[in-house]
Ligand code: B12
Ligand code: SF4
């Protein structure tokens, strides 16, 4: 309906219990609300009958916008877009987020996609809504793609804006009660800085944000986070910043400000190991007093050969030992990510990484590791070599559905080798404790895990994974004590017409 001022947004579920409001959609909603549009967000994580809801809501709307990152989120994106097009082939379907930003041309080739938005969507989405309402052409809007005479057409890039030029996110649109039911914890994401100065081989960050790190001032972060957590009774804020600790002084000023404000929420951050290593134990204690409870760091590999291939020259293993010790003593959980299977990683290099994980976990109980399998994402430096490396690069939007680092099979890591790495990852999961954002395994689940932790460590030490009986026992016992899925159905996440935050 061209005369409509209602915009429907959809965010497909990302198959995780770590559920909270989709920040990207809250960000692009503010300019629309300020311009008098109604915004209706449907999130399949909290809306099981999402397709029916979308079909009801689009009937009197101007367009449908979907937020999508590469991988399983594309499944529901395709399902919903096709359903909308079957109802009305002229109804505009717009895709935004990381996947269309990194593969605009290919995404636009899908017959059920009309418009894509590349990069920051705040201004682009408002301009698209205005043009669609007026029946005006889209070709003067920067940073988008659309179809002209059935052919994809990309407009020139939209210059990046720094975070302090962006409007506040429309948190009031989020149904935190519903997310809490799914996740077991009341939490939200918050962005205090954008981009990352580094350029790791497998990371897409530079492709969208161009390595220009910029941040909100400390006092604004303190004021906003305190207000946000009080208003919505949030127990945790997860800073979605890619590298929170780039500005050392700002981090300490935020901590001091939160202590002064008597902030009562926990927060966690992502940062590189070299940035974390600059903090003394006293400084980490100050951060802890302010509520910081976890620093997630991408070590990714502990093999010097692989670290070099990953462009991680900035990372030094002795520093990681020192800073892990300081974090644990200060009461901040050091949480590490590992990527197995990066090109150049053979059994020897993998063993180096595994030894490192085991050593850190033994020396510093409380440190935790999360692992993935290397997945070359479009927009990452290594993606240029993907075809040369023999990786089958999907040629259509739908082809990316199963592109997912939890089970990626690579030409150099397949068959028995792949199975072995997956089993090793399963053993790592039960060998040491980890604290997820969402509902943990519970007391009984933890007891089961502890029962099998010791034999798992013996296996990992010996690199021996045949007849994985402990994994089987673990699964069987966990199935017996499995809690029923919460029955959540967010009837409405608005529509809303004016920002109240
Ligand atoms: C938070 C987060 C998550 C959370 C999501 C939680 C949640 N409730 O949303 C969790 C932990 C679940 C997660 C999981 C994964 N993530 Co993640 N995640 C992020 C992170 C750190 C922040 C996202 C965010 O909210 N940013 C803040 C908002 C404001 O920005 P935004 O989402 O980009 O939105 C802006 C634009 O993209 C655009 N936009 C977004 N949506 C839309 C929609 C429309 C219609 C329009 C017009 C515009 C638009 O406008 C917004 C405002 O400018 C990003 C890194 C980053 N810097 O963004 C990685 C990132 C998105 N994740 C990534 C990856 C790879 C994953 C995983 C595969 C990781 C894994 N090992 O499993 C999984 C995939 C999950 C799945 N099943 O699909 C990659 C995606 C790469 C890609 N090609 O898509 C990123 C970019 C990290 C990176 N640098 O490589 N992730
Ligand atoms: S992986 Fe982390 S450190 Fe490396 S470029 Fe990406 S955001 Fe920066």
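Coordinate-derived values only; no laboratory data. Given the structure is predicted, the values throughout are model-derived calculations rather than measurements. We place every Cβ from the backbone using ideal geometry, glycine too, and count neighbours over all the protein chains shown.
Things worth noting here:
- For the stretch 175-258, the alpha carbon convex hull comes to 111 Å³ per residue, rounded to a whole number.
- FRET efficiency, 1/(1 + (r/R0)^6) with R0 45 Å, evaluated for residue 17 and residue 149 via beta carbons: 0.50
- Paramagnetic reach from residue 249 in the stretch 260-294 [backbone N under 18 Å; point 7 Å along Cα→Cβ]: 278-280, 283
- Whole-number percent relative contact order across the chain, with pairs defined as alpha carbons under 8 Å at least 6 apart: 17
- Translational diffusion of the chain was estimated from the Stokes-Einstein equation, with Rh taken as the Kirkwood radius over Cα pairs; at 20 °C and 1.002 mPa s the coefficient is 89 µm²/s.
- The stretch 280-407, relative contact order in percent, only Cα pairs under 8 angstrom and at least six apart counted: 26
- Estimated from the Cβ-Cβ distance and a Förster radius of 51 angstrom, the FRET efficiency linking residue 280 and residue 451 is about 0.85.
- FRET efficiency for the pair residue 337 and residue 162, taken as 1/(1 + (r/R0)^6) with r the Cβ-Cβ distance and R0 = 22 Å, rounds to 0.25.
- Estimated Rh, the stretch 322-420: Kirkwood, alpha-carbon pairs, angstrom: 15.5
- DSSP beta bridges fully contained in the chain are about 20 percent antiparallel.
- Share of alpha-carbon pairs per 5 Å distance bin for the stretch 93-152, given as whole %: 4, 21, 34, 25, 14, 2
- Kirkwood radius for the stretch 119-259, taken over all pairs of different Cα atoms as the inverse mean of 1/r, rounds to 17.8 Å.
- Per-residue ellipticity at 222 nm computed for the chain from its helices equals -12000 deg cm²/dmol, with DSSP H segments shorter than 4 residues left out and the rest contributing -39,500 (n - 2.57).
- A simple spin-label model places the labels of residue 142 and residue 387 3.1 nm from each other, with each point 7 Å out along Cα-to-Cβ.
- Shape of the stretch 1-105 from the C-alpha gyration tensor: rounded (a/c under 1.5, with a ≥ b ≥ c the square roots of its eigenvalues).
- Anisotropy class of the stretch 211-268 from Cα gyration tensor, a/c 1.5 cut: prolate
- Span from the the stretch 7-74 Cα centroid across to the the stretch 344-371 one, whole angstrom: 39
- Whole-percent pair-distance distribution, where bins are 10 Å wide, for the alpha carbons of the stretch 57-179: 12, 42, 36, 9, 0
- Applying Stokes-Einstein at 20 °C and 1.002 mPa s to the Kirkwood radius of the stretch 196-300, computed over alpha-carbon pairs, gives a translational diffusion coefficient of 149 µm² s⁻¹.
- For the stretch 130-276, share of DSSP beta bridges that run antiparallel, in % to the nearest 5: 45
- Measuring nothing but alpha carbons in the stretch 330-376 and taking Rh as the Kirkwood radius, the Rg to Rh ratio lands at 1.03.
- Mean-position separation - Cα centroids, the stretch 214-256 and the stretch 402-469, in angstrom: 33
- A convex hull fitted around the alpha carbon atoms of the stretch 43-101 yields 80 Å³ per residue.
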